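The values are calculated or read from the model by the stated rules, or taken from the named source; none is laboratory data. In this text the structure is predicted, and so the values were computed from the model without any measurement. Note: ideal-geometry Cβ built from the backbone for every residue, glycine included; neighbour counts use all protein chains shown. Note: areas computed on protein heavy atoms with side chains; ligands, DNA, RNA excluded. Shrake-Rupley method; radii C 1.70, N 1.55, O 1.52, S 1.80 Å.
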Amino acid sequence: MKEFRLDRLEAERLAHNGAYLRFLRERNLSVGLYALDAGAQDTQRPQRQDVLNFVVSGRASMTVGEETTMVARGSVVYVPAGTPARFHHITEDLRVMVVFSPPEG
């Protein structure tokens with residue numbers, strides 16, 4: 001079993017001064033914590049993998065392809081491989097659990 005706590009993951013991400021911390025990589029998936037502060041700009045590009053975004057905290061808009069939705073704590077957004085997606089109009093610090101399948105990198 002592998003067990004993770006969001007508070008520890010956030011501390012580790014901060015210690016590495018990055019917006020993204022991959023904390024699990026297995027044969028069929030990888031998982032990371034993505035952080036964007038209020039007012040920040042999301043610069044991600046289309047991914048080669050299918051992506052599931054689970055919003056842990058915060059508020060923002062998210063555009064996937066040509067569709068836009070509001071996201072907040074508890075939102076889950078699926079992004080098919082190769083589809084442009086980004087968070088924008090981030091009004092509260094955003095923390096997102098990101099699941100890639102197959103695993104990234």
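Could you check how many percent of all C-alpha pairs in region 1-94 are farther apart than 22 Å?
Looking at region 1-94, the distances longer than 22 Å represent 27 percent of pairs.
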Charge sum, other residues only, whose C-beta stays under 12 Å from E12's C-beta, Lys/Arg counted +1 and Asp/Glu -1: +2
Can you show me the helix-derived [θ] at 222 nm for the chain, built from DSSP H runs with n ≥ 4 at -39,500 (n - 2.57) apiece and divided by the number of residues, rounded to the nearest 500. -3000 deg cm²/dmol
What does the charge count near G58 come to, summing +1 for each Lys or Arg and -1 for each Asp or Glu among other residues with Cβ under 10 Å from its Cβ? 0
What accessible area per residue, rounded to a whole number of Å², is obtained for region 6-101 using a probe radius of 1.4 Å? 60 Å²
